[in-house]
Amino acid sequence: MNDRAERMKRYWCIGGIALVLAPLDQLTKHLAEGALPLRPARVVIDGFFNLVRVQNRGAAFGFLNNNASDLQFWFFALATVLAVAGVLYLAGTLPLRAYAAFCCLGLILGGALGNFIDRCRLGHVRDFLDFYWGEWHWPAFNVADIGITLGVFGFIALTLAQRSKDKNKCSPAGK
C-alpha cells in the first residue's frame, strides 16, 4: 500500500468512528426526549442511576450552564472548531499505525459533533444519564460526553504509555 493511502486510513478510522458516534448520540437523545419529561428523574437503579431529561446550555457536566446568550453559543462553536482542528492536527502527527489513538480521536470528534448538532438545532445540549452515590452526584451527561471522556482519557493513557516506552528505550536499563 502506498504512503498516501496509508495516511488516509487514519482519517477514515477517525471519521468512521465519529460518523457512528454522532448519530448514535442523536438517536439516544431523541429516545430520551420522547420517553422522559423535563427534570423529574426516572429511577433505574435506586441509589445509583436515574434517567433524567435536562437541557445543558454549558459545557460537559454542566460547566458554564447558565442563561443562553449569543456569546455563549459562539464560545462553544469556537471550542468545537478548535476541537476538530486539534483532532485533525494530532492525527497528522501520529505514527501511521497508531490505530488505538485514532480510535480515541474518533470518539472525541464524534462526541464534539453530537453535542454541536444539539447546540445548532436547539441552543442547548440534551443530557439524560444521571449517576449518584449517597450524597455524591455526578452531573447528567449523554453519549457524546461519554465518547469525549473516553477519547480524551484513552489518548492521554496511550500518550503516557508511549512516553514511558520511549524513555525506557533511551535509558541504560531499557537496552
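A few comments on the model shown:
- Test: residue in the stretch 89-110 that is under 27 Å from residue 53 (Cβ atoms), in contact with a Ser or Thr (Cβ under 8 Å, 6 or more places away or on another chain) and of a type outside the set (A, V, I, L, M, F, W, C): no
- Top-ranked residue of the stretch 24-50 - restricted to ones that are in contact (Cβ under 8 Å) with a residue 60 or more places away in the chain and in a helix (DSSP H, G or I), ranked as surrounded by the most Cβ atoms within 10 Å (Cβ to Cβ): 25
Residue by residue, here is whether (1) modelled with pLDDT of 95 or more; (2) under 20 Å from the mean Cα position of the chain (by Cα); (3) under 16 Å from residue 117 (Cα atoms) holds:
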| site | (1), (2), (3) |
| --- | --- |
| 14 | yes, yes, no |
| 18 | yes, yes, yes |
| 23 | yes, yes, yes |
| 34 | no, no, no |
| 37 | no, no, no |
| 77 | no, yes, yes |
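Yes/no matrix, rows are residues, columns are (1) part of a helix (DSSP H, G or I); (2) at pLDDT 95 or above; (3) within 17 Å of the chain's Cα centre (by Cα); (4) not charged (D, E, K, R):
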| position | (1), (2), (3), (4) |
| --- | --- |
| 117 | yes, yes, yes, yes |
| 128 | no, yes, yes, yes |
| 139 | no, no, yes, yes |
| 146 | yes, yes, yes, yes |
| 152 | yes, yes, yes, yes |
| 156 | yes, yes, yes, yes |
| 165 | yes, no, no, no |
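- Picking from residues in the stretch 95-128 that are more than 26 Å from residue 74 (Cα to Cα) and among the aliphatic types (A, V, I, L, M), the one that is surrounded by the fewest Cβ atoms within 10 Å (Cβ to Cβ) is 96.
- Filter result for residue 62 (surrounded by 14 or more Cβ atoms within 10 Å (Cβ to Cβ), under 18 Å from residue 131 (Cβ atoms) and either modelled with pLDDT of 95 or more or in contact with a His (Cβ under 6 Å, 6 or more places away or on another chain) (or both)): no
The values are calculated or read from the model by the stated rules, or taken from the named source; none is laboratory data. Just so it is clear, the structure is predicted and the values come from calculations on it, not from any experiment. Glycine also receives a Cβ, built like all others from the backbone with ideal geometry; neighbour counts cover every protein chain displayed.
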